[in-house]
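Enquirer: The structure is given below, and queries will be raised subsequently.
The values are calculated or read from the model by the stated rules, or taken from the named source; none is laboratory data. Note that the structure is predicted; figures quoted are calculated from it, not measured. Ideal geometry is used to build each Cβ from the backbone, glycine not excepted, and the neighbour counts take in all protein chains shown. Heavy atoms of the whole protein, side chains included, go into the accessibility calculation; ligands, DNA and RNA do not. Shrake-Rupley method; radii C 1.70, N 1.55, O 1.52, S 1.80 Å.
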Amino acid sequence: MSRWAKVKDRCRRVTVLTPKRAWNLARLSLSYRQAQRTGRPVMPQGAMPTSLSIEPTTSCNLRCPECPSGLRAFTRPTGMLNIEAATQWVDNMAPWLTYVNLYFQGEPLLHPELDRLIARCAHHGLYSSTSTNAHHLTEARCQALIEAGLSRLIVSIDGLTQDTYASYRVGGTLAKVMEGTQTMVRAKRERGRGPHVVWQFLVVGPNEHELPELLATASACGVDEVEVKTAQLDDPRDGHPLLTQAPQHRRYDRDPVTGQWTLRNDLEDACWRMWQGAVLTWDGRVVPCCFDKDAHHVMGSLLTEEMASIWHNEAYTQFRNTLFADRAGIAMCTNCSEGSHVYA
């Protein structure tokens, strides 16, 4: 791994700023800080999200046990993103956007036209990223992602042996992940450009003993960066197979009095995510953040409205007010990992 690669990636995020994007970001930041001080959230008139997550599909080839895509547990409709519609959404919001994450739920590379949307983001000078289990990172797909102009590729690795990998990535093959990673690294070297490649390691009980080997393995594979991520568990409890032994590797602590496992992260009655960005489901619905996996809090639909009106509508205003008054009263917030990530 190269420190220079990290520096270039961070600089790349800054170079997307135009005067309009920088002014929008500054207004969002200042108003959020004011809301923290006063407890009264007010979105500035005319301000727009600076980042956007777009869901290419809810489909996935794996069966991960804590994921609604893997469990096939959605109550909302499942399907594939209409690229023509998504291109229009990006076109409309590009003057304010800096970052587009082409991922929410599902496996993005199952969408056959994802490259077109990446190319549209590049056309507007936006930083784009996606996250994959790498089973579809063929040579042709790697070349297409590079040609489209993808800025960041996150590869979920989650284990350094087949047994530890498959303890979470059920139905997956570690050899395919390694092969896909190496194919992208090789394609980048051949073309002299390409996305910043990140290995994301979801640390769970079966794989936590592999952490000391992780950086060396990533370096040998030519990965640019490693991110170690704690696991979200819907039911943390004694004996949970994914709960780690080391406290620093988990989001939860056991109450010595009650014996209950609770989220370690203190829930401040504030959240920057409600200011900086929004999440779009594959069918155009706007939800407030990536923890709303089943779209329980729909703010509006881009199929019938513009983001400019949704971002400032009554539903969003009320949600922000509720969050600043009693964040713990919002179910999805009670398992939020804000502040619970470790970076290597």
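Enquirer: Filter the range 213-241 down to residues that are without any contact (Cβ under 8 Å) to a residue 60 or more places away in the chain and more than 18 Å from Ile157 (Cα to Cα) and give me whichever is surrounded by the most Cβ atoms within 10 Å (Cβ to Cβ).
Expert: Looking at the filtered set, the residue picked out is Pro236.
Enquirer: Can you tell me which of (1) touching a residue at least 40 places away in the same chain (Cβ under 8 Å); (2) in a helix (DSSP H, G or I); (3) β-branched (Val, Ile, Thr) is the one Thr244 doesn't meet?
Expert: (2)
Enquirer: If you don't mind, another one. Taking the range 286-310 on its own, how many of its residues are farther than 15 Å from Ala85 by Cβ, without any contact (Cβ under 8 Å) to a residue 24 or more places away in the chain and surrounded by 14 or more Cβ atoms within 10 Å (Cβ to Cβ)?
Expert: Of the residues in the range 286-310, 3 are farther than 15 Å from Ala85 by Cβ, without any contact (Cβ under 8 Å) to a residue 24 or more places away in the chain and surrounded by 14 or more Cβ atoms within 10 Å (Cβ to Cβ).
Enquirer: For residues that are assigned to a helix (DSSP H, G or I), modelled with pLDDT of 95 or more and crowded, with 23+ Cβ neighbours inside 10 Å, tally how many sit in the range 152-180.
Expert: The total comes to 3.
Enquirer: Kindly list, by first and then second residue, each pair from a residue in the range 78-98 that is touching a residue at least 12 places away in the same chain (Cβ under 8 Å) to a residue that is open to solvent by 60 Å² or more (accessible area, probe 1.4 Å) and in a loop (DSSP other than H, G, I, E, B), limited to pairs with Cβ atoms under 8 Å and residues at least 6 apart or on different chains.
Expert: The qualifying pairs are Ile83/Glu113; Ala85/Leu303; Asn92/Glu306; Thr98/Leu17.
Enquirer: Right, another one. Looking at this structure, is Cys121 open to solvent by less than 20 Å² (accessible area, probe 1.4 Å), under 27 Å from Trp311 (Cα atoms) and in a helix (DSSP H, G or I)?
Expert: So Cys121 passes the test.
Enquirer: Okay, moving on. Among Asp283, Asp266, which is under 24 Å from Tyr99 (Cβ atoms) and either surrounded by fewer than 17 Cβ atoms within 10 Å (Cβ to Cβ) or in contact (Cβ under 8 Å) with a residue 12 or more places away in the chain (or both)? Reasoning before the result, please.
Expert: Numbers: Asp266 fails: under 24 Å from Tyr99 (Cβ atoms).
Asp283 is the lone residue from the list that is under 24 Å from Tyr99 (Cβ atoms) and either surrounded by fewer than 17 Cβ atoms within 10 Å (Cβ to Cβ) or in contact (Cβ under 8 Å) with a residue 12 or more places away in the chain (or both).
Enquirer: Among the residues of the range 124-150, which ones are in a helix (DSSP H, G or I), open to solvent by 10 Å² or more (accessible area, probe 1.4 Å) and either of a type in the set (Val, Ile, Thr) or without any contact (Cβ under 8 Å) to a residue 24 or more places away in the chain (or both)?
Expert: Once the filter is applied, which keeps residues that are in a helix (DSSP H, G or I), open to solvent by 10 Å² or more (accessible area, probe 1.4 Å) and either of a type in the set (Val, Ile, Thr) or without any contact (Cβ under 8 Å) to a residue 24 or more places away in the chain (or both), the range 124-150 yields only Ala140.
Enquirer: Name the residue that is modelled with the lowest pLDDT, counting only residues in the range 302-328 that are among the aromatic types (Phe, Trp, Tyr) and outside any loop (DSSP other than H, G, I, E, B).
Expert: Going through the qualifying residues, I end up with Phe324.
Enquirer: Report the residue count in the range 247-263 for those that are open to solvent by 90 Å² or more (accessible area, probe 1.4 Å) and assigned to a loop (DSSP other than H, G, I, E, B).
Expert: Number satisfying all stated conditions: 3.
Enquirer: Report, by residue number, each residue of the range 217-250 that is touching a helix residue (DSSP H, G or I) at 6+ places or on another chain (Cβ under 8 Å) and among the charged types (D, E, K, R).
Expert: Asp224, Glu225, Asp234
Enquirer: Separate question: Can we say Ala295 is out of contact with any helix residue (DSSP H, G or I) (no Cβ under 6 Å at 6 or more places or on another chain) and either assigned to a loop (DSSP other than H, G, I, E, B) or among the small types (Gly, Ala, Ser) (or both)?
Expert: yes
Enquirer: Residue under question is Gln260, and the condition is that it be polar (S, T, N, Q) and touching a residue at least 24 places away in the same chain (Cβ under 8 Å); does it hold?
Expert: Taking the combined requirement at face value, the residue does not satisfy it.
Enquirer: In the range 275-289, is there at least one residue being of a type in the set (D, E, K, R) and over 24 Å from Thr78 (Cα atoms)?
Expert: no
Enquirer: From the list Val223, Val198, Val203, pick out the single residue that is of a type in the set (A, V, I, L, M, F, W, C), over 24 Å from Phe291 (Cα atoms) and under 22 Å from the mean Cα position of the chain (by Cα).
Expert: Only one candidate passes the filter, namely Val223.
Enquirer: How many residues does the range 1-49 hold that are open to solvent by less than 50 Å² (accessible area, probe 1.4 Å), within 27 Å of Asn92 (Cα to Cα) and not polar (S, T, N, Q)?
Expert: Going through the range 1-49 one residue at a time, the tally reaches 14.
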